[in-house]
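The values are calculated or read from the model by the stated rules, or taken from the named source; none is laboratory data. On a predicted model such as this, the values are computed, not experimentally measured, just so you know. Neighbour counts run over all protein chains shown; Cβ positions are idealised from the backbone, glycine included. These accessible areas exclude ligands, DNA and RNA; they are computed on the full protein's heavy atoms, side chains included. Shrake-Rupley method; radii C 1.70, N 1.55, O 1.52, S 1.80 Å.
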Amino acid sequence: PTDRVIETPDKANAVFRAGLNLKLRDDHPDFAALVLGNYLLGGSSSGRLPQRVREKEGLSYSTYSTFSANALDATAVFSVSSIYAPQNKARVEAAIREELARALKDGFGDDEVANAKKGFLESRRVARSQDRSLAGRLGYYLYLGRTFQWDIDFERAIAALTPEQVVAALRRHLDPAKLSVVKAGDFR
């Protein structure tokens, strides 16, 4: 892990980026739980990170997290991003770290997970109804030798997840102490 501050003089906004490389593919047994865990953390506007940092505390213009895993190689990435006023640097980082720690310690409630599953699965249905997204997925699956049975199995795995399974997967793979963090802005 690294923790760097990069001065960018005369820039109005500052940026927080944190990332962690994980050694797993999208066929790993924890993949679905990690995808849903990310969705709960910051993969949607109702996730804990944007709700805390942007909505509750009003510290950022945008805060979110992402998780992706490769289909061919064991290369996955979890990341957190935030855009904020430079004077909020310490508070933004503290809020992000606190929310990650809280999720790993306390997990997620039944309703929270049920709502996340509903929202995530609906977003996948909508994406499949859009020609551009569908064509991209078809081309990618041809390359991988996959069919849409992969999607059916993945979505069934998401739908079957319990709050305990989600937090257990996050605890196995996400160690906030190992995040590499970069903050860029005019902090003078």
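General remarks:
- Hits among aspartates and glutamates - C-alpha to C-alpha of Lys56 under 18 Å, sequence gap 8 or more where chains match: Glu93, Glu98, Glu99, Glu112
- Subtracting the Cα-Cα distance of Leu121 and Arg188 from their residue separation scaled by 0.36 nm leaves 19.7 nm.
- Candidate aspartates and glutamates for bridging to Lys117, where Cα separation is under 17 Å - those fewer than 8 sequence places away on the same chain excluded: Asp30, Asp151, Asp153, Glu155, Glu164
- Coarse-grained scattering of the chain at q = 0.11 Å⁻¹, given as base-10 log I(q)/I(0) from a Debye sum over alpha-carbon atoms: -0.53
- Tyr143-Ser62 pseudo-label distance in nm [points 7 Å out on the Cα-to-Cβ vector]: 2.4
- Ranking of Thr147, Thr162 by solvent-accessible surface, largest first: Thr147, Thr162 (1.4 Å probe, protein heavy atoms only, all chains present).
- Apportionment of accessible area to carbon and sulfur, the chain, percent (1.4 Å): 52
- Shape class for region 1-50, computed from the alpha carbon gyration tensor (a ≥ b ≥ c): oblate, with a/c not under 1.5 and a/b at or below b/c.
- Once backbone amide H atoms are built at 1.01 Å from N, Leu22 has Ala76, Val77, Phe78 as its partners under 5 Å, excluding neighbours fewer than 5 places away on the same chain.
- Counting only heavy atoms of the protein chains and using a 1.4 Å probe, Asp26 has close to 20 Å² of accessible surface.
- Average accessible surface for the chain: 54 Å² per residue, computed with a 1.4 Å probe over protein heavy atoms with every protein chain in place.
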